[in-house]
1. Averaged per residue, what accessible area in Å² does the chain show with a 1.4 Å probe, protein chains only?
2. Would you look at the GNM of the chain, springs on alpha carbons closer than 10 Å, and say which of GLU79, GLU159, GLU102 moves the most?
3. I'd like the antiparallel share, as a percent to the nearest 5, of DSSP beta bridges with both residues in the chain.
4. Under a point-charge model restricted to the Cβ atoms of Lys and Arg (+1) and Asp and Glu (-1), what is the dipole moment magnitude of segment 18-166 relative to its Cα centre, in debye to the nearest 20?
5. Highest first, please rank the peptides 31-38, 208-215 by the mean number of other Cβ atoms sitting within 10 Å of their residues.
6. What does the net charge come to around GLY118 if you take all other residues with beta carbon closer than 15 Å to its beta carbon, with K and R at +1 and D and E at -1?
7. If I build a Gaussian network model for the chain, linking alpha-carbon pairs within less than 10 angstrom, which residue out of ARG71, ARG81, ARG185 has the largest mean-square fluctuation?
8. Under the 0.36 nm per residue contour assumption, what length would be gained going from the current alpha-carbon distance of HIS189 and GLU124 to full extension?
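The values are calculated or read from the model by the stated rules, or taken from the named source; none is laboratory data. Computed from a predicted structure; not experimentally measured. No Cβ is skipped: glycine too gets one built from the backbone with ideal geometry, and neighbour counts run over all protein chains shown. Calculation scope for accessible area: heavy atoms of the full protein, side chains included, ligands and nucleic acids excluded. Shrake-Rupley method; radii C 1.70, N 1.55, O 1.52, S 1.80 Å.
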Amino acid sequence: MVHCRQLSRSYASGDLYVPAVREVDLDIGDGEFVAITGPSGSGKSTLLNLIGSLDAPDSGEIEVAGLALHRASEAEKTEFRRRQIGIVFQFFNLMPTMTVRENVVLPLALRGDDLRAGRERAGELLALVGLSERQEHFPHQLSGGEMQRVAFARALIHEPRLVIADEPTGNLDSANRDRVIEVLRDIHHRGLATLVVVTHEEEVAEAASRRLEMRDGRLL
Ligand code: ADP
């Protein structure tokens, strides 16, 4: 699903040159649940964003779901993100004026799909994340953990092959964190998508089928 060869990405900030990801070699198989851990500033988010095609490398090669991202056009990458990638953020990023169900269907609406099947699928995914009763509620009526479970349902609505999540439990109390971990396990066990999750939480890393550790931009 993911193949990185000598992948590097650096940032210039003022006079400072920051090598955020350095010569990373990595292979992730279809259906894996991979946790990326490591200290703050070690390059985890940068690597995740490269895998999700949200950022481009300075050098090296990266192939995800069959597309060579390092030489793909912007149009190819836009299409790739619409079809192949689901993204979950630390702060949920739900639309406050839309109901839970509308939020889940939104990615399909944005790409112009027929919404009838989408609404049904949204109901199934909300059942998967334990929120069947909340479909017509608005985000402000939910707890942080519930909002994050909605975000996972939304990330899955277009049946992406890969879901990336950056600190999905970083803003949650332990009970809500445990429910989100259950959702991650469920996605993995049902084979719904390959999962790559950046986390500093031991409980999340333990739920993964493989754990990667970063230090100073390198994979240990
Ligand atoms: P982590 O996710 O492990 O905390 P990041 O990938 O966010 O690490 O950052 C790795 C390094 O790259 C850090 O030193 C960070 O300050 C730097 N960095 C990340 N994004 C930018 C940016 N947009 N501009 C400048 N430096 C950045």
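1. 47
2. With Cα springs under 10 Å in the chain, the top fluctuation among GLU79, GLU159, GLU102 is at GLU79.
3. DSSP beta bridges in the chain are roughly 50 percent antiparallel.
4. With only Lys, Arg, Asp and Glu charged at Cβ, the dipole is about 440 debye.
5. Put in order of decreasing packing, that is 31-38, 208-215.
6. Around GLY118, the charge tally is +2.
7. ARG71
8. Length gained between HIS189 and GLU124: 21.8 nm.
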